[in-house]
Amino acid sequence: MRYLIARNEKYDFIGQSYASQYPNIHKYPATMIPQIGIELLKETKIKKGRLLDPYCGSGSSFTAGLESGLVEMDGFDINPLAVLISRSKFSSYDIEKIDEEKQNLKNNVYDFIKSENNLNKILIPQYKNINYWFSKPVLQNLAVIKFFIDKIDEKIRAFFLVPLSETTRECSYTRNNEFKLYRIKSEEVLQFNPDVFGVFFNKLKKVIEIYKTYYLPKIKDIKVSVQYGEFINSPKKYDVVLTSPPYGDSCTTVAYGQFSIFGNRCLGFENARQIDNMLMGGRTVQQIYQNSIITEYIDEISLQSQKRALKVSSYYFDLAKSIKNVASSVKKRGIVFYIIGNRRVKDIQLPTDQFIAEQFEENNFNHLFTYERLLSNKSMPLRNSPSNKMGQTKGTMTKEYIVAMRKK
Ligand SMILES: C[S@@+](CC[C@H](N)C(=O)[O-])C[C@H]1O[C@@H](n2cnc3c(N)ncnc32)[C@H](O)[C@@H]1O
């Protein structure tokens, strides 16, 4: 181990969850609890400056930033649903207008469905396997809601897509407690008859309440800009980077794309099925990652499976490229915090924390510290099948690492 790791209990936040202080407005996989970021910024006395999160997901680093007094923050994510959630939480909407549109939407929808004929006039979107995941009445009802959301003023329309996305997932035949798409059993399909409008309007009410109580009062004077896509580089320079990147490629770790597929379709995103391949590590490479701390571990994997070793390499190629871009956008003496788990592949634990420190060091940074924390509250699968054989499971990540580096 080249970069020392210190166990730091302060960052365990045992018994605390995201919701205990900053409820989210939409479920999202592998969220980082904002308390980690808040404590890190406090410990390193960062109270001002510009923050970047190149993998912002649902935006917990922005919550940490605003609690710590930062007023300018930029985020990037390749998953459109993540962009929607983050933007919705950190945009300053006219709340009276939202309340008014909520009421109009309710009136419009319930008036419209009084006549059955109306339902048949609504166009149902078509895509592959749609009937495998939804019943016809559910599709019709979702389409009615979408039809009326599309009539809402553009400035606030996106906000209404947040509860629609969750409603779509919840009213599909997907097992709701999984991130990947698995269909409920056939006998459950027959019984499944959700009240789509009830679910949607309850969620809308909740999303508005959370936004009003936890986000709106704090974002009046701050500027959070969230962009769809990969962070390449930027003319702006950042004082601090706070991020939790994916722990591996989406297909074999957390399937952000699969989780978000219905939401992304609500957003009209054509490539919803392709997202997992577009995320970090999703492409195929032809060579093992060389000349790095990580190489000997990947070589060991290649003894068991060359294919897996190449897949793993693909993730590290992408991570290294991204770190180079991030590093060049940080100001002198700026600090980066990467919160990461060291995943296991073919029973070999990959020291991604060490890799991150190594890459930043190669890009003109010094190692400040790496803390080990217990992963008791991250919403992600804690067991997997590293050999990809049914029934063989191993604990994946019960620890997480906080890697802090400072630019020279
Ligand atoms: C661990 S999650 C971040 C969670 C976030 N901290 C939160 O609390 O919601 C990692 C995120 O990285 C995104 N991602 C993966 N590859 C990416 C890439 N190449 N560029 C930008 N975002 C990417 C995923 O879509 C996912 O939202």
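The values are calculated or read from the model by the stated rules, or taken from the named source; none is laboratory data. Remember, it's a predicted structure, so these values are computed and weren't measured experimentally. Cβ: placed from backbone, ideal geometry, glycine included. Neighbour counts: every protein chain shown.
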Cβ contacts < 6 Å: first residue within 20 Å of Thr174 (Cα to Cα), restricted to segment 133-155; second residue assigned to a helix (DSSP H, G or I) and at pLDDT below 95, any location; separation 6+ or different chain. Result? Gln140/Leu119
Any idea which of Arg343, Arg333, Arg373 is in the same structural domain as Ala309 (by TED's automatic domain parsing), more than 16 Å from the ligand (Cβ to nearest atom) and of a type in the set (Lys, Arg)? Arg333
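Test Tyr173 against the criterion of being of a type in the set (Phe, Trp, Tyr) and within 16 Å of the ligand (Cβ to nearest atom), and give yes or no.
Answer is no for this residue.
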Test of understanding: among Leu66, Leu70, which residue is assigned to a helix (DSSP H, G or I) and within 16 Å of the ligand (Cβ to nearest atom)? Leu66
Residues of segment 217-233 satisfying the condition of being in a loop (DSSP other than H, G, I, E, B) and not charged (D, E, K, R): Ile219, Ile222, Gly229, Phe231, Ile232, Asn233
Checking the conditions here, which among Ile78, Ile85, Ile14, Ile25 is more than 12 Å from the ligand (Cβ to nearest atom) and either among the β-branched types (Val, Ile, Thr) or in contact (Cβ under 8 Å) with a residue 60 or more places away in the chain (or both)? Ile14
Condition first: at pLDDT below 95 and in a loop (DSSP other than H, G, I, E, B). Can you find one or more residues in segment 73-84 that meet it? no
Might you check whether a residue that is outside any helix (DSSP H, G or I) and within 9 Å of the ligand (Cβ to nearest atom) occurs anywhere in segment 41-52? no
Please find, within segment 179-214, the residue that is farthest from Phe262 (Cα to Cα) out of those that are part of a helix (DSSP H, G or I) and of a type in the set (Phe, Trp, Tyr). Tyr214
Yes or no: Phe62 crowded, with 19+ Cβ neighbours inside 10 Å, farther than 28 Å from Arg175 by Cα and at pLDDT 95 or above? yes
The correct count of residues that are touching a residue at least 12 places away in the same chain (Cβ under 8 Å), surrounded by fewer than 16 Cβ atoms within 10 Å (Cβ to Cβ) and part of a helix (DSSP H, G or I) in segment 91-103 is 3
Say whether the condition of being polar (S, T, N, Q), buried (at least 21 other Cβ atoms within 10 Å of the Cβ), over 24 Å from Phe62 (Cα atoms) and out of contact with any helix residue (DSSP H, G or I) (no Cβ under 8 Å at 6 or more places or on another chain) is met by at least one residue in segment 353-369. yes
From the list Asn202, Asn233, which residue is at pLDDT below 95, more than 18 Å from the chain's Cα centre (by Cα) and more than 15 Å from Ile85 (Cα to Cα)? Asn233
Out of the residues in segment 221-271 meeting the condition of being of a type in the set (D, E, K, R) and closer than 30 Å to Ile149 by Cα, tell me which one is farthest from the ligand (Cβ to nearest atom). Asp221
If the Cβ limit is 6 Å and pairs must be 6+ apart or interchain, which residue in segment 36-61 that is in the same structural domain as Lys321 (by TED's automatic domain parsing) and touching a residue at least 12 places away in the same chain (Cβ under 8 Å) pairs with which residue that is in a loop (DSSP other than H, G, I, E, B) and more than 16 Å from the ligand (Cβ to nearest atom)? Lys47/Gly69
